[in-house]
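Take a look at the structure below.
The values are calculated or read from the model by the stated rules, or taken from the named source; none is laboratory data. Keep in mind that what you see is a predicted model, and the values were worked out from it rather than measured. Heads up, the Cβs are rebuilt from the backbone with ideal geometry, glycines too, and the neighbour counts pull from every protein chain shown.
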Amino acid sequence: MFYTIDILGTIAFAISGVLVALSKKMDPFGILIIAFVTAVGGGTLRDILIGDTPVSWMKNLTFTYVIIGSSVFAILFKSKIDYLRTSLFLFDTIGIGLYTVVGVEKGISAGLHPIICIALGTMSACFGGVIRDILCNEIPVIFRKEIYATACILGGLSYFLIKKLPIDNNVVFIISGLVVIATRLIAVRFKISLPSLYKED
Amino acid sequence: MFYTIDILGTIAFAISGVLVALSKKMDPFGILIIAFVTAVGGGTLRDILIGDTPVSWMKNLTFTYVIIGSSVFAILFKSKIDYLRTSLFLFDTIGIGLYTVVGVEKGISAGLHPIICIALGTMSACFGGVIRDILCNEIPVIFRKEIYATACILGGLSYFLIKKLPIDNNVVFIISGLVVIATRLIAVRFKISLPSLYKED
Amino acid sequence: MFYTIDILGTIAFAISGVLVALSKKMDPFGILIIAFVTAVGGGTLRDILIGDTPVSWMKNLTFTYVIIGSSVFAILFKSKIDYLRTSLFLFDTIGIGLYTVVGVEKGISAGLHPIICIALGTMSACFGGVIRDILCNEIPVIFRKEIYATACILGGLSYFLIKKLPIDNNVVFIISGLVVIATRLIAVRFKISLPSLYKED
């Protein structure tokens, strides 16, 4: 279960990394590196913070193969890049949903408090994109626009609420992942965003 | 002792993070994240480098509560932001003083050499601000202006010098923290800075 | 063997850090910090990812002395900075050659798969420069220009190919380091670079 989900999230994030790197005119290896850090950055931070080393992607080659495969795919189909805008958004949204819940569950097995687990899940989901934006010299998009980390936090909260019900763990996993995805889709569809606290004058 | 001090430093850094994030027009969760990384960034780096995981803030919820509380406080009083400029500076200065000494003592308990302990203390104190500036897409202020890391290094040196005297450990802690704070206050008051080594032509 | 090589790479990277920091008008401690992170950043990431903590430079003071010494040297001779351009390039190239192979060998002793070892070597070699560029608020040069990471990957591949031959481990080490160095020198000499995948329109 975990396994397949990690792979799907990895594909989603790798492709999102390739597309940003392409727009920055990077060379193929630059693109691959951005794809790689976008895909594994969040999980790597998660593993380092809880002391689970060597980090996941070093112990399981599948991640590396999937990232290289997705990157080559994304590079080959770059001319269709405008069609991919929507897919990119969907991939990314599915990715953060999956990573949030995986992060939450890793926190639980490390014996951490629910609040910390939610923070860990949110970081797992968002940090890959943050590091992608830092490497591309931009203020990370998640700090400025759209419901993004908010969706992850809501998903993490749902996880602990739903878990109290007498239902299967896999169902808890899926529902809370869907909460993240639904929150983001609804927010973007209806242009809902957190109010900026900054006043122009 | 340690405990209260860590909390004070956390408040100081969280508020400094909120103020910078506000000036970048971030949304509430962006602000919270910047507050969080500013507050725990240095301690997290310290813990990761010496292998003390899960990192401090994951094992002790107080940090999280304090950061959320301080952020809400800072956001509510944002209209008084100009009055807060001086307080921000003072908070930040107290913060680096406290974090430097906590970092030095953590290095000592990990059995590291005094020079490395001083480096660890300086990093604990400065890294939160560095990561805050990176996330906000600016060259970290500590590399360009004012006596900042220098104050931490002097404080760390004092720690090991004073420790040789026959006085209580808490006194050593306080005095070396005050050395950091005094150095920075004096430097800013009298506009002392390290000479730039760069010549215009 | 390892020891001397780590030192040489450290000198190379520290000086490259000083030169970039000088061009950003940083103060002496800013310069020292940039020199430090450029020199130890890659090795630190390597050690953290495989869980070998406290990280190398904390356990062995030589790195710190060498970095401070090299930085002072580079600052003193800054007026000769134009003469140093070529040396900087050579130092940097030797540095990535050495760090790549050290990283690969650390990966092998951590029991990791060859592909992961190559990635670890490449990160060890490149991450110091990446973090230097991030701290100086630039898109890391390795993602945009020249054969750089590519040279490290080729060197890592050579390591595992040559290792199959019945020759001494030190020779394997030297040859694969030279592959990195030669690849980069040839690429720069003949202005070879990876094709950009971005089309202007």
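Given the conditions (1) closer than 21 Å to A:Ile147 by Cα; (2) more than 9 Å from chain A (Cβ to nearest Cβ), which single one is not true for B:Asn60?
Result: B:Asn60 fails condition (1) only.
Does the range A:83-92 contain any residue that is at pLDDT 90 or above and among the small types (Gly, Ala, Ser)? If you could, list the steps in order and put the result at the bottom.
Taking the range A:83-92 and keeping what is at pLDDT 90 or above, we get none.
No, every residue in the range A:83-92 fails to be at pLDDT 90 or above and among the small types (Gly, Ala, Ser).
Looking at (1) within 20 Å of B:Thr10 (Cβ to Cβ); (2) more than 14 Å from chain C (Cβ to nearest Cβ), can you tell me which one B:Arg132 breaks?
(2)
Tally the residues that are at pLDDT 70 or above and more than 9 Å from chain C (Cβ to nearest Cβ), restricting the search to the range B:135-145.
2
Looking only at the range B:159-171, which residues are in contact (Cβ under 8 Å) with a residue 12 or more places away in the chain and surrounded by fewer than 21 Cβ atoms within 10 Å (Cβ to Cβ)?
So the first thing to find is which residues in the range B:159-171 are in contact (Cβ under 8 Å) with a residue 12 or more places away in the chain, and the list is B:159-160, B:162, B:170.
Scanning the range B:159-171 gives B:Phe160, B:Ile162, B:Asn170.
Would you be able to tell me the number of residues in the range C:114-140 that are among the charged types (D, E, K, R) and either buried (at least 24 other Cβ atoms within 10 Å of the Cβ) or in contact with a helix residue (DSSP H, G or I) (Cβ under 8 Å, 6 or more places away or on another chain) (or both)? Please lay out each step first, then the result.
As a first pass, look at the range C:114-140 and keep what is among the charged types (D, E, K, R): C:132-133, C:138.
Then keep just the ones that are either buried (at least 24 other Cβ atoms within 10 Å of the Cβ) or in contact with a helix residue (DSSP H, G or I) (Cβ under 8 Å, 6 or more places away or on another chain) (or both); that gives C:132-133.
Summing the residues that are among the charged types (D, E, K, R) and either buried (at least 24 other Cβ atoms within 10 Å of the Cβ) or in contact with a helix residue (DSSP H, G or I) (Cβ under 8 Å, 6 or more places away or on another chain) (or both) in the range C:114-140 gives 2.
Which members of the range B:7-35 meet the condition of being within 8 Å of chain A (Cβ to nearest Cβ) and either at pLDDT 85 or above or not in a loop (DSSP other than H, G, I, E, B) (or both)?
Of all residues in the range B:7-35, those within 8 Å of chain A (Cβ to nearest Cβ) come to B:21-31, B:33-34.
Of everything in the range B:7-35, those that are within 8 Å of chain A (Cβ to nearest Cβ) and either at pLDDT 85 or above or not in a loop (DSSP other than H, G, I, E, B) (or both) turn out to be B:Ala21, B:Leu22, B:Ser23, B:Pro28, B:Phe29, B:Gly30, B:Ile31, B:Ile33, B:Ile34.
Residues checked against (1) assigned to a helix (DSSP H, G or I); (2) within 14 Å of chain B (Cβ to nearest Cβ); (3) modelled with pLDDT of 85 or more:
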site	(1), (2), (3)
A:Val104	yes, yes, yes
A:Gly107	yes, yes, yes
A:Ile147	no, yes, no
A:Val171	yes, no, yes
A:Thr183	yes, yes, yes
A:Pro195	no, yes, no
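Could you say whether any residue in the range A:66-81 is within 14 Å of chain C (Cβ to nearest Cβ), under 16 Å from the mean Cα position of the chain (by Cα), at pLDDT 85 or above and part of a helix (DSSP H, G or I)? Even if it seems obvious, please write down each step before you answer.
Initially, the range A:66-81 is screened for residues within 14 Å of chain C (Cβ to nearest Cβ), giving A:66-69, A:71-81.
From the residues that got through so far, the ones that are under 16 Å from the mean Cα position of the chain (by Cα) too are A:66-67.
Add one more test, that the residue is at pLDDT 85 or above, and what stays is A:66-67.
Next cut, part of a helix (DSSP H, G or I) only: A:66-67.
Yes, some residue in the range A:66-81 is within 14 Å of chain C (Cβ to nearest Cβ), under 16 Å from the mean Cα position of the chain (by Cα), at pLDDT 85 or above and part of a helix (DSSP H, G or I).
Would you call A:Thr53 assigned to a loop (DSSP other than H, G, I, E, B), on the phi < 0 side of the Ramachandran plot, at the interface with another protein chain (Cβ under 7 Å from one of its Cβ atoms) and among the β-branched types (Val, Ile, Thr)? Explain how you work it out, then say what you get.
Numbers: assigned to a loop (DSSP other than H, G, I, E, B): yes; on the phi < 0 side of the Ramachandran plot: yes; at the interface with another protein chain (Cβ under 7 Å from one of its Cβ atoms): yes; among the β-branched types (Val, Ile, Thr): yes.
Yes.
May I ask you to verify whether A:Gly103 is within 25 Å of A:Tyr159 (Cβ to Cβ) and of a type in the set (Gly, Ala, Ser)?
yes
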